[in-house]
1. Determine, yes or no, whether A:T108 is of a type outside the set (D, E), under 25 Å from B:Q174 (Cα atoms) and out of contact with any helix residue (DSSP H, G or I) (no Cβ under 6 Å at 6 or more places or on another chain).
2. For the stretch B:121-141, what are the residues that are under 15 Å from the mean Cα position of the chain (by Cα) and charged (D, E, K, R)?
3. I want to confirm something. Restricting to the stretch B:109-125 and keeping residues that are within 11 Å of another protein chain (Cβ to nearest Cβ) and aliphatic (A, V, I, L, M), which single residue is nearest to B:T55 (Cα to Cα)?
4. Do the conditions hold for A:R104, that is, is it free of Cβ contacts under 8 Å to residues at least 40 places away in the same chain and under 25 Å from B:E102 (Cα atoms)?
5. Tell me the residue from B:D194, B:D188, B:D142 that is over 19 Å from A:A149 (Cβ atoms), without any contact (Cβ under 8 Å) to a residue 40 or more places away in the chain and not basic (K, R), please.
6. Go through the stretch B:100-114 and give me each residue that's part of a helix (DSSP H, G or I) and under 19 Å from B:V11 (Cα atoms).
7. For the stretch A:38-54, how many residues meet the condition of being more than 16 Å from DNA strand C (Cβ to nearest atom) and either of a type in the set (K, R) or surrounded by 14 or more Cβ atoms within 10 Å (Cβ to Cβ) (or both)?
Protein chains: 2
Amino acid sequence: MGADEVQRAAVRLFARRGYAATGIREIGREVGLNPATLYHYVGSKQELLVTIMRTCLDQLLLAGIEAVEFGDDPRVHLARLVRAHVGLSATNPATARVTDQELRALDTGEQEQVLELRDRYEALLADVVRKGARAGVLHARDPVVTRLALLEMCNGVAHWYRPDGRLTVRQVQQRFVELGCRLLGVGDLPRAADLGPPPRVVRLACEPDHPPAVTTRAVRPTPKAQEVT
Amino acid sequence: MGADEVQRAAVRLFARRGYAATGIREIGREVGLNPATLYHYVGSKQELLVTIMRTCLDQLLLAGIEAVEFGDDPRVHLARLVRAHVGLSATNPATARVTDQELRALDTGEQEQVLELRDRYEALLADVVRKGARAGVLHARDPVVTRLALLEMCNGVAHWYRPDGRLTVRQVQQRFVELGCRLLGVGDLPRAADLGPPPRVVRLACEPDHPPAVTTRAVRPTPKAQEVT
DNA sequence: CCTAGCCAAACGATCGTTTGAGTGGGAGAT
DNA sequence: ATCTCCCACTCAAACGATCGTTTGGCTAGG
């Protein structure tokens, strides 16, 4: 028993029911521990959430920085950013979902710090779009809206991707690199070889082994019995 | 004082803090009513949420059906679907946010019904993509993933759009029609005239007048003092 | 004998909801 | 015009349940 297992249980429950709707006692039950014992591993419920979100955003920012440090073609940077973002979200869907849905649960001070991490990541993408547009290698009529659309599209992966589904993480990355390039008007999408070595697919310590069932068409029978991932 | 004002207050608070974190007493304070009095207007907190979500999804589905009933070009249907979806999300950002973030707060029975509404809407888009691909007027290497990406992109509008921001609803619609067409490989995006009359921009009764401050870069000072909407 | 790990029990606070008791103004009867 | 009754509306107070957290003490291995 360790702090990691508590985090994994918390992420699983936070992702399924939400932070506010998840009780300390529920987390304890999940790991077979008395509620009081949890406080030997974590300082508080809030601190538990902050740690999870920081773990995720630290990794996202790190991966983002690595993405734009390779070569100097904005198109390559774009593709590498999308690949890294999608890779992290698909490998850690529960953690990613908690990270971008529960910002509102943090109180002001910690929210500020977490937001700064997110801002720094988004600034990487903004830079790429700006430079690419100036160089004429990508075309966004409205760079700001286009960037937000791309961002939401990538974040969305965490909402529907299932590790045990039809697609591997690598496949989703490939498809999203193409989609991202289309979105930003990159004429000839960079060949895989030009993107450099694929990034390590980082599995966070707080990502639960079996991501929680979530309320999405992907996991429930649909009228058309349709496959999703 | 009426049920609508209670709904507006609820939407504002649910969008800001989340359903589980919002107390009945808070909603009461927002409309200047005793907690007990609220129960003359709504049956329960859960029922309040269900009504809000149904209002939103009913309208989305209705607008979606109207979108695909015009002409028979899948490209036009696609553009009209995106235009309708973005229009609703941008006009009712708080309601839209609550609607797709709080599904997990519903208990099984009502979740089922709400999900069916969502499924029927998504089926409209799936149809358009399928028919368009078969007709060769749009190109999606992976139709399922592309559709999910488009959907998340449109849903994302509710996360960052500010009615008092740089762009009008119509402008966001225009930009997203272009982005949607790019995403789906529509070669020559349909001219505005071919899309038929722009849909009524429906403001839901439960959408609060001043959408709540939300945790997004759009409303907080950022290092680069950057405009977003 | 110490300490890390664990738990039962209790803390005060807050949760959604119900109870029971007023209000006040408008419709209908006189 | 006056009286009566009714009903929509409102509230203070309390219900039992659950919340995050703390206290105090038990256990077992080094």
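1. On the way: of a type outside the set (D, E): yes; under 25 Å from B:Q174 (Cα atoms): no; out of contact with any helix residue (DSSP H, G or I) (no Cβ under 6 Å at 6 or more places or on another chain): yes.
Answer is no for this residue.
2. Of all residues in the stretch B:121-141, those under 15 Å from the mean Cα position of the chain (by Cα) come to B:121-122, B:125.
Listed by number, the list holds a single entry, B:E122.
3. B:V114
4. On the way: free of Cβ contacts under 8 Å to residues at least 40 places away in the same chain: yes; under 25 Å from B:E102 (Cα atoms): yes.
Answer is yes for this residue.
5. Working: B:D194 fails: without any contact (Cβ under 8 Å) to a residue 40 or more places away in the chain; B:D142 fails: over 19 Å from A:A149 (Cβ atoms).
Just one listed residue meets the conditions, B:D188.
6. Of the residues in the stretch B:100-114, the ones part of a helix (DSSP H, G or I) are B:100-101, B:103-105, B:108-114.
Listed by number, the residues that qualify are B:D100, B:Q101, B:L103, B:R104, B:A105, B:E110, B:Q111, B:V114.
7. Narrowing the stretch A:38-54 to residues more than 16 Å from DNA strand C (Cβ to nearest atom): A:47, A:49-54.
Then drop every residue that is not either of a type in the set (K, R) or surrounded by 14 or more Cβ atoms within 10 Å (Cβ to Cβ) (or both), which leaves A:49-54.
Of the residues in that region, 6 qualify.
Residue-by-condition table, conditions (1) more than 14 Å from chain B (Cβ to nearest Cβ); (2) basic (K, R):
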{"residue": "A:L49", "(1), (2)": "no, no"}
{"residue": "A:R54", "(1), (2)": "yes, yes"}
{"residue": "A:I65", "(1), (2)": "yes, no"}
{"residue": "A:H77", "(1), (2)": "yes, no"}
{"residue": "A:A84", "(1), (2)": "yes, no"}
{"residue": "A:A90", "(1), (2)": "no, no"}
{"residue": "A:A94", "(1), (2)": "no, no"}
{"residue": "A:D100", "(1), (2)": "no, no"}
{"residue": "A:D107", "(1), (2)": "no, no"}
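Values quoted throughout were computed directly from the atomic coordinates according to the rules given, and no laboratory measurement underlies them. Being a predicted model, the structure only gives us computed values, none of them experimental. All Cβ positions, even for glycine, are placed from backbone atoms using ideal geometry, and neighbour counts span all protein chains on display.
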